[in-house]
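Working notes, beginning with the structure itself.
The numbers here are math on the coordinates, done by the rules we state, and not lab data. Note that the coordinates shown come from a computational prediction; the quantities given were computed from them, not determined experimentally. Methodologically, a virtual Cβ is constructed for each residue, glycine included, from the backbone with ideal geometry; neighbour enumeration extends over all protein chains shown.
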Amino acid sequence: MMVLYSGSTCLFSHRCRFVLYEKGMDFEIRDVDPFTKPDEISVMNPYGEVPVLVDRELTLYESNIINEFIDERFPHPQLMPTDPALRAKARLLLFNFEREIFSEVDALESNNEEISKQARTGIKEKLTQLTPIISKSKFMLGDEFSMIDAALAPLLWRLDHYKISLPDTAAALMKYAERVFSRQAFSHCLSPHEKIMRR
Ligand SMILES: N[C@@H](CCC(=O)N[C@@H](CS)C(=O)NCC(=O)O)C(=O)O
């Protein structure tokens, strides 16, 4: 059975838990406190981070890489497009999100108020810019839920927690977020800590 080493407040682990529940197969989640990590995490991941996925002889890290593997190993429902060009575009979007938005997440937790404020402002702007994409369709890639939605949802879930409030012009994005949060897999994948992050 697949084992996911996951942080109960970790946004990146949340992505993988979400995808595992979407697939509805057997897996085990082992809770790891990222701040007092057991040594085994650094043995499995040279960067010493969760999430880490172990499937028999295979050990993987990096949430998006783990999620693509889960998607290919359990193809139903498929979360990446089948068409090679659309698949490449989805990967590019995931890359853009990491570079533009998720690279700022660590700074949100900084003790330096100036640094965390700058990160909050940057994330708020970048998320608001996504509104036109989601105004035309149910999910980020169209009418089907996809990997892109799974990658983004854990951050949208944490907006109150990070004290980020989006402007009224991002109403369609927040409506989309509620649509994703209402999925059964999303409510099942939440850790007790995550359940209380959002009012
Ligand atoms: N890019 C990584 C980020 C993973 C990450 O930042 N994990 C954090 C917890 S949310 C962690 O394990 N931090 C512990 C550390 O850096 O020592 C991914 O997508 O999996």
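Here are the numbers for the structure shown:
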item	result
Lone unmet requirement of (1) free of Cβ contacts under 8 Å to residues at least 60 places away in the same chain; (2) within 19 Å of the chain's Cα centre (by Cα); (3) surrounded by 13 or more Cβ atoms within 10 Å (Cβ to Cβ) for F95	(3)
Residues being over 28 Å from A119 (Cβ atoms) and of a type outside the set (S, T, N, Q) - total across region 52-78	14
Region 117-130, residues that are under 18 Å from the mean Cα position of the chain (by Cα) and hydroxyl-bearing (S, T, Y)	T128
Scan of region 140-164 for residues that are surrounded by fewer than 17 Cβ atoms within 10 Å (Cβ to Cβ) and closer than 21 Å to E68 by Cβ, ordered by number	G142, E144
Answer residue from region 8-37, given it is in contact (Cβ under 8 Å) with a residue 60 or more places away in the chain and of a type in the set (A, V, I, L, M, F, W, C) and is nearest to the ligand (Cβ to nearest atom) among those	F12
Meets criteria (within 16 Å of the ligand (Cβ to nearest atom) and in contact with a strand residue (DSSP E or B) (Cβ under 9 Å, 6 or more places away or on another chain)) for I148	yes
Those helices (runs of 4 or more DSSP H) lying entirely in region 86-150 with at least 2 residues within 19 Å of L11 (Cβ to Cβ)	105-108, 113-128
Region 165-196, residues that are assigned to a loop (DSSP other than H, G, I, E, B) and surrounded by fewer than 18 Cβ atoms within 10 Å (Cβ to Cβ)	S165, P167, S182, R183, I196
